[in-house]
Amino acid sequence: MNPSILADNGPDRDRFARLESRECVNHYNETTFSIPTVMHPDLPIVHDQPLAGLNTFRIPASARRYLRVTGAEQLTAVRADPALADLPRLVLGGGSNLLFTQDFDGLVLHMAGQGREILGQQGDKILVRAQAGENWHAFVGFTLDQGLGGLENLSLIPGTVGAAPIQNVGAYGVETKDVFHSLTAFDMASGELRTLDAAACRFGYRDSIFKHAIGRDLIVLDVTFALPAAWQPNLRYAELANAVQEAALAAPTPRDIGAIVEAIRRRKLPDPLEIGNAGSFFKNPVVSNEECRRLLETYPNLVHHAQPDGSEKLAAGWLIDQCGWKGKNIGPAGVYPKQALVLVNLGGAQGADVVRLAQAIQSDVAARYGVALEPEPVFI
Ligand SMILES: Cc1cc2nc3c(=O)[nH]c(=O)nc-3n(C[C@H](O)[C@H](O)[C@H](O)COP(=O)(O)OP(=O)(O)OC[C@H]3O[C@@H](n4cnc5c(N)ncnc54)[C@H](O)[C@@H]3O)c2cc1C
């Protein structure tokens, strides 16, 4: 492991680090601490910022006010400015899990803080921290370059580090919560910095405290991950296990697994740079075991995965495919031919076009299977 520190150390970093190391020793759920009131710097607020280049669906929209945020000082200044403090807020990362259905008549806070550092070993974990604006895939690559495993199954997911805890990003049998240590968030309600551990984040399937009213004022500034000092590949996901077996590697490294995940994803998913999309458009619906058995009587090929709590997760992509939607479109919004779970912008789509397609799919799946599909991206 290369222990070099690659942090972009802003003025608050030392204090964060001191606080963090104290909290690392004392097992904690959540800590609150105030930041000093600062004379707020001039905020480079942009008026009427176009957003088409800032969301992976490439839906045209604009923001009434827009600010690139690199640290807590700017958020303190936003709170102190009456012209900004009362505006509706949208925190924006890479825009890869959003669907703009209209212009945003408020203030977009675009998280741009950069920096990543290896904090050191704590028990059987290596703690690694990154600022919210870091590109997620580049951060995964950084950990792999250091010889650290744990994030490789989450390779090639678009977006930023700061957004990973928001929907507890997951892929190929690993979720953010499995490798999460803690995060620092700025509380726009109180103006304080808060440190939250996994319990405080209340992670669930594509869910966390940040998606609920109680966490809506929290803006993630940095995230610390706890990676295993003694790594074992996680091959619980059958498709990945098969691909690793086919690669016939004697002793696959985290980097090898990451490369295999990337190859699978490149085969299956559209590159947002080429075709606008937000990844999986629907969550996999979770139904009771009885409901699943009822469906299996009529549809014996139903794809389902038993959950630890006894419920069953159904494959939303399979349900959509069975309803004949794969490769179909309504106007400029379409269903990706290789993966029915992904809705795409075929060119010139507005948010309303994607919503129309999504609703048609939802009503077909509900009519045929009695199952409600819930969108994964956040509608703005
Ligand atoms: C091709 C493709 C593949 C994908 N594959 C997967 C996958 O395998 N697994 C998966 O889970 N997701 C996947 N996604 C969805 C998406 O990449 C993730 O949800 C990602 O974490 C979103 O990051 P972002 O920075 O783009 O967030 P954004 O889209 O900018 O924001 C998403 C939400 O998080 C909030 N938010 C963002 N940053 C912060 C912050 N710092 N503090 C507080 N709130 C914040 C926003 O307000 C918004 O509510 C995929 C998307 C695409 C386009």
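Since every read-out is calculated from the coordinates, none of them should be taken as a lab result. Keep in mind the model is a prediction, meaning the values are calculated, not measured. Every residue, glycine as well, gets a Cβ built from its backbone with ideal geometry; the counts of neighbours run over all protein chains shown.
Structure data summary
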item	result
Simple Cβ-charge dipole of the chain, Lys/Arg +1 and Asp/Glu -1, about Cα centre, in debye nearest 20	580 debye
Within-14-Å neighbourhood charge of Trp325 [Cβ basis; K, R +1; D, E -1]	+3
For segment 270-379, projected area of the alpha-carbon convex hull averaged over all directions, nm²	7.1 nm²
Simple label model, 7 Å out from Cα along Cβ direction - Val303 to Ala52, nm	3.4 nm
Selection from Ser288, Tyr369, Leu183 lying farthest towards where the dipole of the chain points positive, charges on Cβ	Tyr369
Subset of Lys125/Lys313; Lys125/Lys268; Lys177/Lys283; Lys283/Lys326; Lys211/Lys326 violating a 27 Å alpha-carbon distance limit	Lys125/Lys313; Lys125/Lys268; Lys211/Lys326
Share antiparallel - DSSP beta bridges, the chain, percent rounded to 5	80 percent
Cα centroid separation, segment 279-324 to segment 74-144 (Å)	33 Å
All Cα pairs of the chain, percent lying beyond 32 Å	37 percent
Förster radius 35 Å - calculated FRET efficiency between Asp187 and Ala248, Cβ distance, rounded to 0.05	0.10
Residue exposure sequence - Glu73, Glu274 - by fewest surrounding Cβ within 10 Å	Glu274, Glu73
Ascending count of other beta-carbon atoms within 10 Å, so fewest first, for Thr298, Thr143, Thr101	Thr298, Thr101, Thr143
Quotient of Cα Rg and 2.2 N^0.38 Å for segment 46-111, N being how many residues it contains	1.07
Local electrostatic count at Leu235 - Lys and Arg +1, Asp and Glu -1, tallied over other residues with Cβ under 15 Å	-4
Antiparallel bridges, percent of DSSP beta bridges restricted to segment 46-111 (to nearest 5)	30 percent
Unit charges at the beta carbon, dipole of the chain: most positive-side option, Pro228, Ala132, Leu92	Leu92
Size of electric dipole in segment 270-379: Cβ of Lys, Arg +1 and of Asp, Glu -1, about Cα centre, debye, nearest 20	220 debye
Cβ-defined net charge surrounding Ile275, 14 Å radius [Lys, Arg +1; Asp, Glu -1]	+2
Residue-averaged 222 nm ellipticity for the chain, from DSSP H runs of 4+ at -39500 (n - 2.57), nearest 500	-8000 deg cm²/dmol
